[in-house]
Structures are given as C-alpha cells and as structure tokens.
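> Here it is: the structure, laid out below.
Read-outs: derived from the displayed coordinates by stated rules, not from any lab. Values in this document were obtained by computation on a predicted structure and should not be read as measured data. Here the Cβ positions follow ideal geometry from the backbone for every residue, glycine too, while neighbour counts run over all protein chains shown.
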Amino acid sequence: MLLPYAMFPEIERTLVTKEQIATRIKEMANEIVRDLEEDLAKDGDSRLDEDRVIIIPIMTGAMIFVADLIRQLPVKLSLGLTSVRSYPGASISSKGAHLESDLPDNLEGKHVIVLDDILDSGQTLALVKAIILKQKPASLRLGVMLDKQTTRTIDVKVDYTGFEIPDEFVVGYGLDYDGYYRNHPEIVILNQDAIPKR
Ligand code: 5GP
Ligand code: MG
C-alpha cells in the first residue's frame, strides 16, 4: 500500500486546502474574463474568441495552477511556456532570477497574461515583465497563486492574486522542495526537520 502524502511525517500542516484553491481559481478566472472583455471592447471587438490572448506560465511551479485556471477560462487562447530559475535544488530562498528558456517572441499586439506560482522577492516577475514589455503587447497582466508580501526586494504589482500568505516556505500545488511535493493537492508547510535552516 502506498503511503498518502497526508500521512508523510515531513508535512507539518496545510496552509490552503484544495477546496479553498478550487473556489479561488473560479473567482480569479472571472476577474481575468472581465478584464479581457474590457480590453477586447477597447480594441473594438467584443468577442472573446479572438486569437489575441496568450497565457505565459512560468514553469515548473505554475503548471498545476495554470492547468486549473485555464480550464475555467472560456476564451480562445494559446500558451507560451517559459522557465525561470530562482530556487535551485534544495534552496529555500531566492538566489536571483535567471531565464532558463526563451520567452515567446510573437507578443506584439497581444493580450498577455503571465502566471506564476508564488510572488516572493519579485525578481522573477520583474525580469519576465521587462522582457515582455519590449515586444509591445496590447496589454500585460501578471497573476500569482500565492503572494508572500513580506519578502519583496523589487516592487512588482500583480493584477491577480490567489492568496496572501506569511513568509514561510511552502510546497504542493505545483511548488517543490528539491523537486518533490509538486503533486500534493494542497499548499502545505514542511516540518522544519525536513528542510535545512535558512
Ligand atoms: P521571486 O523571484 O519572486 O523571489 O520568487 C518566485 C519564485 O521563487 C517562484 O516562482 C518559486 O519558484 C520560488 N519560490 C518562492 N517562494 C517559494 C516557496 O515558499 N516555496 C517554493 N517551493 N518555491 C518558492
Ligand atoms: Mg518559479
């Protein structure tokens, strides 16, 4: 018999439950649709099926969040994956953001939404935002599942936030520690004995 994640001794407690996540994802999707409707109306087109919306998930952490969110968006959209590394391997604090893969290069005139798992120092989203703006998108919005407001080193404004959380290292729902726990369905905190001290 496999031991379910909930019984792992290194998982100390749940911070955000799957029910809370599911509810918030639907609300965020409604916020996004409302904004896109406004944008497309400004462009003189009220249809949400225009092929001008592109979602950019920052991999790998955003994959579960984005998979759930886009299935609540009744909009014709494309995905453009990118990868940024800031917490290499077993680190639990940001080591500065580095682009690990190219960003899509067809963003001019598009409505772009960049989605990340968690906003911490702000380095990741600041980096991606600066590069995308050079391509002159019609609009650029940023969204995160989690926001640790206390740890910012760069001021980045996000348009969509799932939950504000305290400055604790979290895993689950796409977030990893040393590559593991991404498939845990809730956002959880690891036991301090399981991770080295900061
Ligand atoms: P920032 O560049 O804003 O400091 O950090 C954002 C990135 O750091 C996220 O995309 C995520 O990969 C990682 N990160 C920040 N806080 C946490 C955390 O509490 N847990 C995990 N697993 N990753 C985090
Ligand atoms: Mg990341």
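> Sequence-distant or interchain residues sharing an amide H contact under 5 Å with Leu81, placed H: which?
none
> Treat the count of other C-beta atoms within 10 Å as a stand-in for reagent exposure and order Met145, Met1, Met63, Met28 from fewest to most.
Going from least to most buried by this count: Met1, Met63, Met28, Met145.
> In degrees from 0 to 90, rounded to the nearest 10, what is the angle of the helix 18-42 Cα long axis to the longest principal axis of the chain?
Result, in degrees: 20.
> Restrict the search to region 123-168; then list the trypsin sites (Lys or Arg not before Pro) that DSSP places in a loop and that have at most 13 other Cβ atoms within 10 Å of their Cβ.
Sites meeting the loop and neighbour criteria: Lys134, Lys157.
> If neighbour count is taken as other Cβ atoms inside 10 Å, put Ser86, Ser101, Ser78 in order from fewest to most.
Going from sparsest to densest Cβ surroundings: Ser101, Ser78, Ser86.
> A further question follows. Computed FRET efficiency, Cβ-Cβ of Phe163 and Glu108, R0 35 Å: what is it to the nearest 0.05?
For Phe163 and Glu108, the calculated efficiency is 0.60.
> Given Cα pairs under 8 Å that are at least 6 residues apart, what percent is the relative contact order of the chain?
24
> What order, most packed first, do the peptides 168-174, 65-71 have when packing is the mean number of other Cβ atoms within 10 Å of each residue?
168-174, 65-71
> Next question. How far apart, in nm, are the 7 Å Cα→Cβ label points at Val33 and Gln192?
Each label point lies 7 Å from its Cα, and together they span 4.5 nm.
> Can you list residues from other chains, or at least 5 along the same chain, whose modelled amide H is less than 5 Å from the amide H of Ile11?
Asn191
> I've got another one for you. Given that compact globular proteins tend to follow 2.2 N^0.38 Å, what is the ratio of the alpha-carbon Rg of the chain to that value?
Scaled against compact globular proteins, the figure is 1.05.
> Moving on to the next point. If you restrict to DSSP beta bridges whose two residues both lie in the chain, what percentage is antiparallel, to the nearest 5?
Roughly 30 percent of the DSSP beta bridges within the chain come out antiparallel.
> Does anyone have the angle between helix 123-133 and the longest principal axis of the chain? Alpha-carbon axes, 0 to 90°, nearest 10?
On a 0 to 90 degree scale, this one is about 10.
> Measure out, as a whole number of angstrom, how far apart the alpha-carbon centroids of region 116-152 and region 44-107 sit.
Here the two parts' Cα centres lie 10 Å apart.
> What 222 nm value per residue comes from the helices of the chain, counting each DSSP H run with n ≥ 4 as -39,500 (n - 2.57) and dividing by all residues, nearest 500 deg cm²/dmol?
That comes out to -7000 deg cm²/dmol.
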